[in-house]
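Structure first, then comments.
The values are calculated or read from the model by the stated rules, or taken from the named source; none is laboratory data. None of the values given here were measured: they were computed from a predicted structure. Neighbour counts run over all protein chains shown; Cβ positions are idealised from the backbone, glycine included. Side chains included, ligands, DNA and RNA excluded: accessible areas come from the protein's heavy atoms. Shrake-Rupley method; radii C 1.70, N 1.55, O 1.52, S 1.80 Å.
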Amino acid sequence: MGVRLDGKVAIVTGAASGIGAAAAAHIGRAGATVVLADVESCETVVQEVKRDGGEAMAVRTDVARSDDVADLVRRTIETYGRLDCAFNNAGVEGMAEREIHEADEDAWDRALEINLKGVWLSMKHQVPAMLDTGTGGTIVNCASVAAMVAFDKNGSYVASKHGILGITKTAALEYADRGIRVNAVCPGVVRTPLIDRYTGGKLEAEARYTEIVPLGRMARPEEIANGVVWLLSEESSYVTGHGLVIDGGLVAR
Ligand SMILES: NC(=O)c1ccc[n+]([C@@H]2O[C@H](COP(=O)([O-])OP(=O)(O)OC[C@H]3O[C@@H](n4cnc5c(N)ncnc54)[C@H](O)[C@@H]3O)[C@@H](O)[C@H]2O)c1
C-alpha cells in the first residue's frame, strides 16, 4: 500500500516542473489534497493529480513575495479548511559557472531571495495554519547536496542551500513541542530542466555530473519524491531537523 497521507492537505512550491511536479503527483497518489504553487502554470500537474483520482488546485505564487505566500496559505484554508503538510521546493540555480569575484550582485540576490528567503517566508506563513489544525504538521524544505559540501563557481547556490538546512534545523527546534516536524531533502544530481540549463542537454556536459556519482547516473525526480512523502508522513514520526541526502552516494566520497 505504501506510505499514505490520507485526509491531509499539502502545499508544494515550485510544483510546475521537475522535483516539485513529481512530488505533487506522488503526494496526491498518497491520498493528500495538493495545492500547487509556482510562478509558472501548474495546470498539467493539477490534471495529473486529478487523473490519478486525487484533488488539487494551483495558486500562482512567487515564493520571494510575502503577500503571495500569505495569499497561497489563505486560499488553501478557504478552499480545503486546513494545512497539514508542505514541501517548500521552489528554487533557482544561482550564479552558475562564476567565481565569487566575477559573480554579479543581481544573481546573488535572486538565488538568496528565491531559495532561502522563499523557504523562510513559506514556513512563516504555513506554521500558524498548521498550529490552527490542533494536530501539528510536517514540513520538508528542498536543500541539496550543496547544503553539505561546496561546489566551486556556484557560491550563491551553495550559500542558499546551506542556509536552508540551517533554517530547517532552527524551525525543527522551535516547533517540536507543538507537533510540527521540519526536515529537508538534499538531492544530488536530478534529471530536471534545472540540470538541463547547466548542461545545455549536451552529453559531454552531462557526463561531468554523472561521473561524480557512485551510482553512475542522475536521479529521477520520483526518487526524490519518495523521500519527501516519507518525511511528510507518519512513517517518519521520530525524524525532525534532519537533512535527508538522496544522492546516489555523491557526498560519500
Ligand atoms: N535538479 C537537481 O539536480 C537538484 C539537485 C539538488 C537540489 N535541487 C533543488 O530542487 C528544487 C527543484 O528544482 P528542479 O531541479 O526541479 O528545477 P526546475 O527548474 O525543474 O523546477 C523549479 C520550479 O521552481 C519554480 N520557481 C522558480 N522560482 C520561483 C519563485 N520565485 N516562486 C515560485 N516558484 C518558482 C520554477 O518555475 C520551476 O517550476 C530546487 O530548490 C533545486 O535547487 C535540484
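Can you pull out every residue in region 1-16 that is among the aliphatic types (A, V, I, L, M) and either within 13 Å of the ligand (Cβ to nearest atom) or over 18 Å from the mean Cα position of the chain (by Cα) (or both)?
Across region 1-16, the qualifying residues are MET1, VAL3, ILE11, VAL12, ALA15, ALA16.
Here are some residues: VAL182, VAL158, VAL213, VAL190. Which one is over 25 Å from ALA64 (Cβ atoms) and at pLDDT 95 or above?
Going through VAL182, VAL158, VAL213, VAL190 in turn, the sole match is VAL213.
List pairs: first residue in region 1-14 and modelled with pLDDT of 95 or more, second residue open to solvent by 60 Å² or more (accessible area, probe 1.4 Å) and among the hydrophobic types (A, V, I, L, M, F, W, C) anywhere in the structure, Cβ distance under 6 angstrom, at least six positions apart or on different chains.
Within 6 Å, the pairs are VAL3/TRP230.
Within region 17-45, work out how many residues are within 16 Å of the ligand (Cβ to nearest atom) and crowded, with 23+ Cβ neighbours inside 10 Å.
Number satisfying all stated conditions: 16.
Being in contact with a helix residue (DSSP H, G or I) (Cβ under 8 Å, 6 or more places away or on another chain) and without any contact (Cβ under 8 Å) to a residue 60 or more places away in the chain is the filter here, so list the residues in region 68-91 that pass it.
Within region 68-91, VAL69, ALA70, ILE77 meet the criteria.
Please enumerate the residues belonging to region 196-222 that are without any contact (Cβ under 8 Å) to a residue 24 or more places away in the chain and part of a helix (DSSP H, G or I).
Of everything in region 196-222, those that are without any contact (Cβ under 8 Å) to a residue 24 or more places away in the chain and part of a helix (DSSP H, G or I) turn out to be ASP196, THR199, LEU203, GLU204, ALA205, GLU206, ALA207, ARG208, TYR209, THR210.
Please go through region 69-90 and give me each residue that is within 16 Å of the ligand (Cβ to nearest atom) and buried (at least 18 other Cβ atoms within 10 Å of the Cβ), ordered by number.
VAL69, LEU72, VAL73, THR76, ALA86, PHE87, ASN88, ASN89, ALA90
Of GLU93, GLU97, which residue is open to solvent by less than 90 Å² (accessible area, probe 1.4 Å) and either modelled with pLDDT of 95 or more or among the charged types (D, E, K, R) (or both)?
So the residue among GLU93, GLU97 that is open to solvent by less than 90 Å² (accessible area, probe 1.4 Å) and either modelled with pLDDT of 95 or more or among the charged types (D, E, K, R) (or both) is GLU93.
Just wondering, is there one or more residues in region 55-74 that are farther than 28 Å from SER156 by Cα and assigned to a loop (DSSP other than H, G, I, E, B)?
yes
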